[in-house]
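The values are calculated or read from the model by the stated rules, or taken from the named source; none is laboratory data. Since we're looking at a predicted model, the values are computed, not measured. Cβ coordinates were reconstructed from backbone atoms using ideal geometry, including for glycine residues, and neighbour counts include every protein chain displayed.
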Amino acid sequence: MANLPPHQKSLIYNTTTSTLSLTTTSPPPSPTSAAEHTIKVHSTAITNGELTWGAFVPWPTLHIPCYDVSGTIHTPAPNTPFTAGQKVYGRIDAAREGAAREYATLLASETALVPEGLGMEEAASVPMSALTAWQALFEHGLLTGDEYTATSVPHVNPATGVVVGGGQAKGKRVLVLGASGGVGLMAVQFAKLAGASFVAGTASSANRSLVESRGADEVIDYKTVTMEEWVGGGGGDDEGKEKKKFDLVFDCAGGKSMLDGWNAVKRDGGVYVSVVPGFREPEGGKPPGVTSKWFVMVSRGSELEAISRFVEKGLVKGCVDSVWKMEEYEEAFAKTASGHARGKVVIKVAED
């Protein structure tokens, strides 16, 4: 492959002034270990709130943001199955430099081949959303069993191409709070893939059709009804209300919705999982017998590779809210920060 250019276009986040800027004189990346590929970036996606993470990770003063990436391998990490020229995607750990630049590094362990038929802009929208939802439902929510293994979750048999494990969550009820965002939309799809008997998601009326298109059995308008009201709708005794509650509540919303979600989780065996900072138990403590977990997604290329098989079959779809040029970074970050993006906001880095 050709040598890297001496300078490249990059977005820079100044952690001292909390400002973003665009430069054309950023140096090319230098892999810090033999486990890193150098990739030519096609697109990257923004995660809402990512610029606040500097308090938790060792960023330098001038840091490159955006961690979901699609691109082409320029120089592969040695002793891996990847080769130069392959189209790949993945999620860069936020403690490292991001992908809002023309060339970036990606660990082999974070890398998966872009699914056949998936465009590079949509590919950039998938990794964080898909991996977070997958780990929330199956690893931490244990929707399909008492342990998390490669065979305890839905998967595509590599030899036959047949979907296996589609009924493992039969009889389970799943609620996704914030179902119209990138993570929420993935969670709805994974719950249905696992065979959950009833999957509900909270969203505004404007996003009802989007959430329904991903398989939700019911979309609950959080602007007009709380989960406490929904569970108690139609009256009934405590036993009747308990039947309307959910085996697994997954919080992608935070705030009042997160606290309200406690009203919807089943006692004695229910699970409440959140990925939103500030997750906490309600006053007086959580319902008896409920397990709760807050976690940070771990980037695993092997999981993304497994998810890719569902994407290729058309059983899982990403969602791109909008695509922006690098020069439009201010508008792109503002759209993400508005909280009203339908899916992921993508920045297209490649010129062609």
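Structural remarks
- Within the range 112-145, the set of residues being under 16 Å from Val349 (Cα atoms) and assigned to a helix (DSSP H, G or I) comprises Met120, Glu121, Glu122, Ala123, Ala124.
Per-residue answers, yes or no, for (1) hydrophobic (A, V, I, L, M, F, W, C); (2) surrounded by 14 or more Cβ atoms within 10 Å (Cβ to Cβ); (3) more than 22 Å from the chain's Cα centre (by Cα):
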residue: Met186; (1), (2), (3): yes, yes, no
residue: Thr226; (1), (2), (3): no, yes, yes
residue: Gly232; (1), (2), (3): no, yes, yes
residue: Val265; (1), (2), (3): yes, yes, yes
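- Hits in the range 54-71 (condition: crowded, with 18+ Cβ neighbours inside 10 Å and polar (S, T, N, Q)): Ser70
- Strands (runs of 3 or more DSSP E) contained entirely in the range 1-58, each with at least 3 residues that are in contact (Cβ under 8 Å) with a residue 40 or more places away in the chain and over 23 Å from Ala337 (Cα atoms): 36-46
- For the criterion of being assigned by TED's automatic domain parsing to the domain that holds Asp260, in contact with a Lys or Arg (Cβ under 6 Å, 6 or more places away or on another chain), closer than 30 Å to Thr336 by Cβ and among the β-branched types (Val, Ile, Thr), Val231 fails.
- Scanning the range 162-176 for residues that are over 12 Å from Ala133 (Cα atoms) and touching a residue at least 40 places away in the same chain (Cβ under 8 Å) returns Val163, Lys172, Arg173, Val174, Leu175.
- Complete set of residues in the range 72-93 that are in contact (Cβ under 8 Å) with a residue 60 or more places away in the chain and within 22 Å of the chain's Cα centre (by Cα): Tyr89, Gly90, Arg91, Ile92, Asp93
- Top-ranked residue in the range 126-152 [being farther than 22 Å from Val114 by Cβ and of a type in the set (Val, Ile, Thr); ranked as modelled with the lowest pLDDT]: Thr151
- Within the range 273-310, considering residues that are in contact with a Lys or Arg (Cβ under 7 Å, 6 or more places away or on another chain) and touching a residue at least 24 places away in the same chain (Cβ under 8 Å), the one nearest to Glu116 (Cα to Cα): Ser299
- Among the candidates Ile73, Ile92, the residue that is β-branched (Val, Ile, Thr) and within 26 Å of Leu315 (Cα to Cα) is uniquely Ile92.
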